[in-house]
Every structure is written in structure tokens, then in C-alpha cells.
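Each value in this text was obtained by applying a stated rule to the coordinates, not by laboratory testing. What you see is a predicted model; the values in this text were computed from it and never measured. Using ideal geometry, Cβ is built from the backbone for each residue, glycine included, and neighbour counts are taken over all protein chains shown.
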Amino acid sequence: MAMKSTFNMFLTLVLVAVLARLSVYLIPYWWGVVPGAALGGLLAARSGLEALVGGFVGLVLLWSSYAVAVHVTNHGILGQQLAGITGLPSSLAILLITAALGGVVGAAGSLTGYMLKKSWTASE
């Protein structure tokens, strides 16, 4: 039973990350990941905890990998500038905050999708 739950959480995580990445092509700007995360929670999550953890970790991985790619591409200049503007000690703090915000958005979106599925099945 624990193995099935672990696999399902991993499936939720991967599905949320992939659908969130694909939804950015359809919906502009950062909030385009929310429908992808919601769809991932709707399709794969079997509990609220799976939706929360899968959405959080999926979007943390997606946004942190993108933020690191941008950071490396511009040699950390953007991160240093943002750290200076916000008063944070380093560009690493910007990367961590970006990952955490992505995780919160992913968790909220995925949980929304799961709750939508739960409300549909409860009304039948």
C-alpha cells in the first residue's frame, strides 16, 4: 500500500510539473502554471496531501530549474541586481524565494484540482 501511495505521489509531482510547463505556452506569464497544476491534481492526486506535496515539489523543481538556468545564463547579474533592490544578502536568496513561491503556487493549484475532482464525485 505504501509503495502505491509513493508512486501516486511521484506521478502527481511529474504530472503537475509537465502540465504546468506546457500550460505556460497557452497562458502567458507566471500564473499560467496554475491551470497545469490544477489539472495535475485533478488527474493524479488521490488525497489532499498528495495534491499538496505533489504540487509543491513539482513546481519547486520546475521554477528552481528555470531560475538556475536564467542565473547561469546571465552569470548571476540579474540575481545580484534583484538581491540589491530587495535588500537580500545574495542571489541565492532570490533563487530560494523563487522556488518557495513556485511551490506555494503549485500546491494551491494542485489542491484546487483535487478538491474540484472531489466535489464532482461527491455530487454524483
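Could you give the angle, 0 to 90 degrees to the nearest 10, between helix 91-122's Cα long axis and the longest principal axis of the Cα atoms of the chain? Roughly 20 degrees between the two axes. Here the gap between Val18 and Ser65, fully extended at 0.36 nm per residue and compared with their Cα-Cα distance, gives a gain of 15.6 nm.
Taking Lys and Arg as +1 and Asp and Glu as -1, the other residues whose beta-carbon sits under 14 Å from that of Gly113 total +2. Summarising the label geometry, the points placed 7 Å from Cα in the beta-carbon direction at Leu101 and Thr121 lie 3.4 nm from one another. Which entry in (1) 12, 36, 34, 16, 2, 0; (2) 16, 38, 28, 14, 4, 0; (3) 10, 18, 17, 15, 16, 12, 8, 4, 0 matches P(r) over Cα pairs in 10 Å bins from 0, in percent derived from the coordinates of this structure? Matching the structure shown: (2).
Computed from Cα positions, the angle between helix 33-44 and the longest principal axis of the chain comes to roughly 30 degrees. Taking the C-alpha atoms only, the angle from helix 2-26 to the longest principal axis of the chain is near 60 degrees.
Take the Cβ atoms of Ser90 and Arg46, set R0 to 35 Å, and the FRET efficiency comes out at 0.30.
Residue order for Ile77, Ile97, fewest other beta carbons within 10 angstrom first, comes to Ile77, Ile97.
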